[in-house]
Amino acid sequence: MRKSMLWFSVSLSCLLGLAPLAQAQEKVYYRYTNDEGVQVLEDRIPPKYVPKGYEVVSMYGEVLRTVPPAPSDEELEAEARERQARQEREAYEQELKRRYSTVKDIEDAKRRSLAELQGNISILESNLSSVRLQIRELESRAARLERSGQEVPESVLVNLGTLKTEVQEIQAQIRHRQEEYDEVADKFDQDIEAFAEIRAAEGRR
């Protein structure tokens, strides 16, 4: 019984003696940079320095953990833009795969769309030619009247002004349709390139 009590006393003493050592081993310090740009090592870190990043250091100087600085507003905005661009790209690719099965499908759709736009342009060009012909006829009539010493009727002058305005409007419509034609062609070319990349990536997987 005395031996058991002695062993217990010795064991307890050893444990109590190791407790401060264990606590000392668990002790950590925080290394951070203060407002003056000086690195500081303390057993606690002021809250205002936490967002700037710090290191958790053991009592022996070993870096146990590194906490990076919190991202700046500019970095957060850049990350948000990148995330949005990635989401838009994924949605775009999903839409391509939903609408088309092959590159040829896109090429066929491109031909149909461009043919329709070209048809609209041709109609406008035909209308432009017709209006210009009317202008030439009215100008010839006005010239004949002037050569014969007659006064050109007000209605002829009004019609000429109206037709010339119509020419400008049709020309603007033609330019708009031609720009649309180029944009649609470029968009389909982008779709073809993106779809080919999607299928190539799927083939590599």
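Filter segment 57-85 for residues that are open to solvent by 100 Å² or more (accessible area, probe 1.4 Å), assigned to a helix (DSSP H, G or I) and among the acidic types (Asp, Glu); which is nearest to Ala196 (Cα to Cα)? Top of the filtered list is Glu82. Considering Glu139, Glu93, the condition of being more than 30 Å from Val184 (Cβ to Cβ), open to solvent by less than 100 Å² (accessible area, probe 1.4 Å) and charged (D, E, K, R) is satisfied by Glu139 alone.
Take Glu151 and tell me if it is free of Cβ contacts under 8 Å to residues at least 60 places away in the same chain and within 31 Å of the chain's Cα centre (by Cα). Please lay out each step first, then the result.
Values: free of Cβ contacts under 8 Å to residues at least 60 places away in the same chain: yes; within 31 Å of the chain's Cα centre (by Cα): no.
Taking the combined requirement at face value, the residue does not satisfy it.
Here Glu88 clears all of (1) open to solvent by less than 50 Å² (accessible area, probe 1.4 Å); (2) within 45 Å of the chain's Cα centre (by Cα) except the condition numbered (1). So which residues in segment 159-198 are within 23 Å of Ser126 (Cβ to Cβ), hydrophobic (A, V, I, L, M, F, W, C) and surrounded by 12 or more Cβ atoms within 10 Å (Cβ to Cβ), if there are any at all? Result: Leu160, Leu163, Val167, Ile170, Ile174, Val184, Ala185.
Taken over segment 115-153, the criterion of being at positive phi and modelled with pLDDT of 95 or more is satisfied by no residue. Going through Val156, Val152, Val131 one at a time, which residue ends up being in a loop (DSSP other than H, G, I, E, B), open to solvent by less than 50 Å² (accessible area, probe 1.4 Å) and over 30 Å from Ile198 (Cα atoms)? The conditions single out Val152. In segment 34-55, the residues that are without any contact (Cβ under 8 Å) to a residue 60 or more places away in the chain and within 17 Å of Ala70 (Cα to Cα) reach residues that are of a type in the set (Val, Ile, Thr) and open to solvent by 80 Å² or more (accessible area, probe 1.4 Å) with C-beta atoms within less than 6 angstrom, at least six apart or across chains, in these pairs: Glu55/Thr66.
The values are calculated or read from the model by the stated rules, or taken from the named source; none is laboratory data. Only a predicted model underlies this, so the values are computations on that prediction, with no experimental measurement involved. For neighbour counting, all protein chains shown are included, and Cβ atoms are generated from backbone atoms with ideal geometry for every residue, glycine included. In case anyone asks, the SASA skips ligands and DNA or RNA and just uses the protein heavy atoms, side chains included. Shrake-Rupley method; radii C 1.70, N 1.55, O 1.52, S 1.80 Å.
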